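**Q** Let me begin by handing over the structure; questions about it come next.
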Amino acid sequence: MDGRPHVTLEDVARAAEVSLATASRALNGTTKVRADLRERVLAAAEKLAYTPNAHAQALAGASHRTVGVICHDVSDPYFAAIARGVMRVAGDSDLLVMLASTFRDPNKEIAYISMLRAQRASAILLVGSGFEDKAWERALAAEIDPYRRGGGQVAVVSRHRSLRVDSVQPENREGAAELARTLLGMGHRRFAVLAGPRALTTVVDRLAGFREALAEAGVELPESAIVEAAFTRDGGHAAMSELLARGLDATCVFAVTDVMAIGALTALREAGRSVPDDVSLAGFDDIPVVRDLTPALTTVALPLEELGERAMELAIRDNRGSRSRVLRLPGEVVVRQSTKEV
């Protein structure tokens, strides 16, 4: 199935040539589905060996409660720090944790959720930015909604505006805005931004916050000063290299994540540019390594381990029948040696 690790409800709906909603209703036994459509869905499910909800039958009898944690890339220090907080709370609660990396592939995320449903995980944590994609949102809801009805718990970190589940939200927009105000206070007026893909909600929020704070001060951030690349160290290196090739005019560059800033710092060094003497550089997240860089990185510090701890706590506290809980954790601008006044 297209290299996916598990057959999803979306796969069944596509094979049966019906909507996600129809496929879900047919598999859940509702009478509001035409007989011919139900037969098509059931035949497709059988052919694809789809397991709609083994979770519900086996959850109560499981000898160990398990939690599935799905993130973008556990090798990224941002996710590793959050996972450390998750694991601490899970260990204290005698929970087993299954960890999966999607590498920012929305189809893999849906497939992993479906797999965790079939393997009767008692809770699922989704860690990392969501996607600005309506089709993905519908496919996600088609997996999450029946999982929750079957007794599963869901919590998310930094994502999913449309998903009505418990969430822990870092203040990405306001953190980026506060960083912009700090850099403006240093005298900077010409900026460039190294952005990840704008299909990611985290990128959208951080870029918007930064841009809005500049606009409030009468400073424009033109589209030509924004370079999109992968949300990785190599992406930051490529974006900074492209900015240099265009002719770097900015006095300060903002990378929307520290990992991108690390790659940008190397690209600047390779080009013979000094940070901060030739250009200031700032990031976002405050992953542990950035304070040991030369120069140490100015950034927005998020309480990464606490994000994981709070999300895990939400996931293990039964919240059925009540409104979704939202916890917001602020970031704090930390000024280090990679930026200076101009």
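The values are calculated or read from the model by the stated rules, or taken from the named source; none is laboratory data. Model, not experiment: these values are computed from the prediction. Every residue, glycine as well, gets a Cβ built from its backbone with ideal geometry; the counts of neighbours run over all protein chains shown. SASA here: full protein model, heavy atoms, side chains in, ligands and nucleic acids out. Shrake-Rupley method; radii C 1.70, N 1.55, O 1.52, S 1.80 Å.
**Q** Relative contact order (percent) for the range 172-302, with alpha-carbon contacts under 8 angstrom and 6 or more residues of separation?
**A** For the range 172-302, the relative contact order is 24 percent.
**Q** Moving on. What Kirkwood radius, in Å to one decimal, follows from the Cα pairs of the range 238-342?
**A** Kirkwood hydrodynamic radius for the range 238-342: 15.5 Å.
**Q** Quick one: grab Rg to one decimal and Dmax as a whole number for the range 172-302, Cα atoms only, in Å.
**A** Reported Rg and Dmax, both Å: 12.9, 35.
**Q** Share of antiparallel DSSP beta bridges in the range 79-204, in percent to the nearest 5?
**A** 10 percent
**Q** Using the crude model of +1 on Lys and Arg Cβ and -1 on Asp and Glu Cβ, and no other charge, please compute the dipole size for the range 188-342 relative to its Cα centre, in debye to 20.
**A** About 300 debye.
**Q** Next question. Using Cα atoms only, what is the angle between the long axis of helix 304-316 and the major principal axis of the chain, expressed in degrees (0 to 90) to the nearest 10?
**A** Tilt of helix 304-316: around 20 degrees.
**Q** Quickly work out the A217-to-R149 label distance, labels modelled 7 Å from Cα along the C-beta direction, and quote it in nm with one decimal.
**A** 5.1 nm
**Q** Restricting to the chain, compute how many DSSP beta bridges are antiparallel as a %, nearest 5.
**A** Looking only at bridges with both residues in the chain, the antiparallel portion is about 10 percent.
**Q** Taking the Cα-to-Cβ direction at T294 and at R181 and moving 7 Å from each Cα, how far apart do the two end points lie in nm?
**A** In this crude label model, T294 to R181 measures out at 3.6 nm.
**Q** Now, a different point. Keeping all protein chains in place and using 1.4 angstrom, which order do Y112, Y147 fall into by accessible surface area, from largest down?
**A** Values: Y112 45, Y147 0 Å².
So, going from the largest accessible area down, we get Y112, Y147.
**Q** Stretched out fully, how many nm does the piece from R328 to R198 gain, at 0.36 nm a residue minus the Cα gap? Show your work: numbers first, answer last.
**A** Numbers: separation 130, 0.36 × 130 = 46.80 nm, distance 2.23 nm.
Extra length available between R328 and R198 comes to 44.6 nm.
**Q** Give the aspartates and glutamates whose C-alpha is closer than 20 Å to that of K340, dropping any in the same chain fewer than 8 places away, or say none.
**A** E178, D249, D258, D277, D278, D285, D286, D292, E332
**Q** Tell me the per residue accessible area of the chain using a 1.4 Å probe; a whole number in Å² is fine.
**A** Using a 1.4 Å probe on heavy atoms only, each residue of the chain averages 43 Å².
**Q** Also: Can you grab the distance from the C-alpha centre of the range 95-163 to the C-alpha centre of the range 196-222, Å, no decimals?
**A** Centre-to-centre distance over Cα atoms comes out at 27 Å.
**Q** Averaging over every viewing direction, what projected area does the convex hull of the Cα atoms of the range 220-288 cover, in nm²?
**A** 4.5 nm²
**Q** Suppose every K and R has +1 on its Cβ and every D and E has -1 on its Cβ; what is the size of the dipole of the range 82-130 about the Cα centre, in Debye to the nearest 20?
**A** Numbers: 6 positive and 4 negative charges, 15 e Å.
Here the size comes out at about 60 debye.
**Q** Evaluate the relative contact order of the chain (contact order divided by residue number), counting alpha-carbon pairs under 8 angstrom at least 6 apart; express in whole percent. List each step's numbers first, then the result.
**A** Working: 683 pairs, mean separation 60.7, N = 342.
The value is 18 percent.
**Q** Listed highest first by mean packing, meaning other Cβ atoms within 10 Å per residue, what order do 40-50, 212-222, 72-82 come in?
**A** 72-82, 40-50, 212-222
**Q** Using only the alpha-carbon atoms of the chain, report the extent along each of the three principal axes, biggest first, to the nearest angstrom.
**A** Sorted largest first, the three principal extents are 71, 43, 34 Å.
**Q** Please give the contour-minus-distance gain from R138 to D249: 0.36 nm per residue of separation, less the Cα-Cα distance, rounded to one decimal in nm. Please report the intermediate quantities before stating the final value.
**A** On the way: separation 111, 0.36 × 111 = 39.96 nm, distance 4.24 nm.
So the chain would gain 35.7 nm between R138 and D249.
**Q** Additional query: Working out 0.36 nm times the residue gap between D36 and A49, then minus their Cα-Cα distance, what length gain in nm do you get to one decimal?
**A** Computed gain between D36 and A49 is 2.7 nm.
**Q** What FRET efficiency comes out for R273 versus S19 if R0 is 56 angstrom and r is the Cβ-Cβ distance? Round to the nearest 0.05.
**A** Values: r = 54 Å, r/R0 = 0.96.
Once rounded, the FRET efficiency stands at 0.55.
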